[in-house]
1. Condition check: at pLDDT below 95, polar (S, T, N, Q), under 25 Å from Leu177 (Cβ atoms) and surrounded by fewer than 19 Cβ atoms within 10 Å (Cβ to Cβ). Does Asn129 satisfy that?
2. From the list Ala88, Ala93, Ala113, Ala73, which one is loosely packed, with under 14 Cβ neighbours inside 10 Å and of a type in the set (A, V, I, L, M)?
3. Inside the range 46-70, can you point out the residues that are open to solvent by less than 10 Å² (accessible area, probe 1.4 Å) and among the aromatic types (Phe, Trp, Tyr)?
4. Any idea which residue in the range 96-107 is modelled with the lowest pLDDT, counting only those that are open to solvent by less than 70 Å² (accessible area, probe 1.4 Å) and under 17 Å from Leu121 (Cβ atoms)?
5. Can you name the residue in the range 137-148 that is charged (D, E, K, R) and exposed (fewer than 14 other Cβ atoms within 10 Å of the Cβ) and is also farthest from Phe56 (Cα to Cα) among such residues?
6. If I go through the range 149-170 residue by residue, how many of them are aliphatic (A, V, I, L, M) and either more than 18 Å from the chain's Cα centre (by Cα) or exposed (fewer than 13 other Cβ atoms within 10 Å of the Cβ) (or both)?
7. Given the structure, is Leu196 at pLDDT 95 or above and closer than 15 Å to Arg124 by Cα?
Amino acid sequence: MTKIDYDELLHIDTSEKQEGFVQSIHYHRYEATPYEALTVLFENYQMKSTDHVVDFGCGKGRLAFYISAFIGASVVGVEMNERLYEDALRNKAAFLQEKKSDRGEVFFVKSLAEKYEITPLENRFYFFNPFTIQIFMKVVNRILDSMEAFSREVEFVLYYVSQDYLYYLENHPSFTLKQEIPIPNLYDTNQNERFLIYQVDVG
C-alpha cells in the first residue's frame, strides 16, 4: 500500500511535512515515519498488544494509529507543537469513528519530551530523530529513573538514528543493541534507513 492508502484506511491525514518556524533549536521538524518503513519494522520486530508505547515527537500521530490498528497496543504520542497536537487530536476523532474492539488505546499529550512523566506501564519508546542529543539524554534519564522505581522490561525503537544518539547509546552501560532492521532498497544508498532496537537494563 502507498502512504495515502494507509491514511485512507485509517481515516487520518499524516502526509504533510511541518512548514514554518520550529519552536526550539533542540527540536527537529515533523516528518512522519514512512509507511514502507513501518511495514518492514513490524514484519521483523515483535510488539505485543500488551505493550505500552510512547512516541516522542509524535507529530500527527501516524505511528500511534498504525500500532493501535495493526498491533493492538496502547500508545501515547508526546508532541510539543500546538498545531501538530491539534492535528493529532483531529486524526484521533476520525480514527475512532470506526470502532473496533481489538484496537489499542491512543492518547496524545502536549508537552516537551523532557517534561513528560513516564508511567510504570510504559515499556516501548519510539524515536524518529525528534530532538537533539541534549534533550534525548534528559528523556533517557527520566525513563531510567522510572525503571528504578518500577522494574520492567524496556526497549527503545529508533529510526534514522543520528550519530550523536548512537555514540551515547553505545557508550551507556544500560543499553544493549538487540536488533538492527535495515529498510530494503533504501539502506543500500542511505545507511540511516534502518531501525535499531536497544534493550534497556538498569541492573
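1. yes
2. Working: Ala88 fails: loosely packed, with under 14 Cβ neighbours inside 10 Å; Ala113 fails: loosely packed, with under 14 Cβ neighbours inside 10 Å; Ala73 fails: loosely packed, with under 14 Cβ neighbours inside 10 Å.
The conditions single out Ala93.
3. Phe56, Phe65
4. Gly104
5. Glu148
6. Looking only at the range 149-170, we keep the residues that are aliphatic (A, V, I, L, M), and these are 149, 154, 157-158, 161, 166, 169.
Those still in the list that are either more than 18 Å from the chain's Cα centre (by Cα) or exposed (fewer than 13 other Cβ atoms within 10 Å of the Cβ) (or both) too: 149.
Matching residues across the range 149-170 total 1.
7. Working: at pLDDT 95 or above: yes; closer than 15 Å to Arg124 by Cα: yes.
Taking the combined requirement at face value, the residue satisfies it.
The values are calculated or read from the model by the stated rules, or taken from the named source; none is laboratory data. Small disclaimer: the values here were computed from a predicted structure and weren't measured. Methodologically, a virtual Cβ is constructed for each residue, glycine included, from the backbone with ideal geometry; neighbour enumeration extends over all protein chains shown. Side chains included, ligands, DNA and RNA excluded: accessible areas come from the protein's heavy atoms. Shrake-Rupley method; radii C 1.70, N 1.55, O 1.52, S 1.80 Å.
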